[in-house]
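The values are calculated or read from the model by the stated rules, or taken from the named source; none is laboratory data. Just so it is clear, the model here is predicted, and its values are computed rather than measured. Here the Cβ is made from the backbone with ideal geometry for all residues, glycine too, and neighbour counts use every protein chain on show. Each accessible area value is taken on the protein alone, full model and side chains, heavy atoms only, with ligands, DNA and RNA left out. Shrake-Rupley method; radii C 1.70, N 1.55, O 1.52, S 1.80 Å.
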Amino acid sequence: QVHLEESGGGLVQPGGSLTLSCAGSGFYFPSYKLDWYRQAPGKARELVASITGGGDAEYSESVEGRFTISRDNAASAVYLQMNSIKIEDTGVYYCRRRGPRFDDWGQGTQVTVSA
């Protein structure tokens with residue numbers, strides 16, 4: 001059974017840093033592209049960053065240069081390093097694995113940015 005579990009969220013001040021983790025199980029981790037999404041209050045869920053099995057990364061314009069996605073295939077984990085955090089980065093952050101025949105999400109981890 002596929003399982004994705006996010007952790008690392010919390011309360012952070014503007015300008016601060018936070019690292020989110022997503023642990024995957026139930027599938028061969030190195031083979032799959034993984035995404036980080038977020039959902040701000042009252043807004044649609046949006047793609048933040050993606051990383052292929054080989055480590056190629058892509059970012060949304062809103063986080064480019066501030067966030068870094070990485071993965072450790074041996075540990076079956078993907079990370080989101082968040083730097084220079086802004087108030088608008090507040091939201092629930094989700095890990096996602098998607099493909100032609102599946103669409104797996106974690107339960108999310110809350111990030112709140114407040115002074």
Solvent-accessible area, 1.4 Å probe, carbon plus sulfur percent, for the chain:
47
Apply the Karplus parameterisation 6.51 cos²θ - 1.76 cosθ + 1.60, with θ equal to phi minus 60°, to every residue of the stretch 104-115 and state each ³J(HN,Hα) to the nearest whole Hz, in sequence, with x for glycine and proline.
10, 10, x, 8, x, 9, 7, 10, 10, 10, 7, 7
Cα lying deepest toward the dipole's positive end in the chain, options Ala115, His3, Phe29, charges on Cβ:
His3
Tell me the relative contact order for the chain as a rounded percent, counting alpha carbon contacts under 8 Å between residues six or more apart.
36
Ala75: net charge of surrounding residues, Cβ under 15 Å, Lys/Arg +1, Asp/Glu -1, itself excluded?
-2
Solvent-accessible area per residue, Å², over the chain with all protein chains present [probe radius 1.4 Å]:
52
Could you list the chymotrypsin sites (Phe, Trp or Tyr not before Pro) in the stretch 17-115 that lie in coil according to DSSP, counting only those with at most 14 other Cβ atoms within 10 Å of their Cβ?
Tyr28
Expected output is a single nm value to one decimal: the length gained when fully extending between His3 and Ser25, i.e. 0.36 nm times separation in residues minus the C-alpha distance. What is it?
7.4 nm
What is the local net charge at Arg45, summed over the other residues whose Cβ is closer than 12 Å to its Cβ (Lys, Arg +1; Asp, Glu -1)?
+1
Select from the stretch 1-85 those trypsin sites (Lys or Arg not before Pro) which occupy a DSSP coil region and have at most 13 other Cβ atoms within 10 Å, ordered by residue number.
Lys43
Residue range of the chain that is longest and free of GluC sites (Glu not before Pro) which are both DSSP loop and sparsely packed (at most 14 other C-beta within 10 Å):
1-60
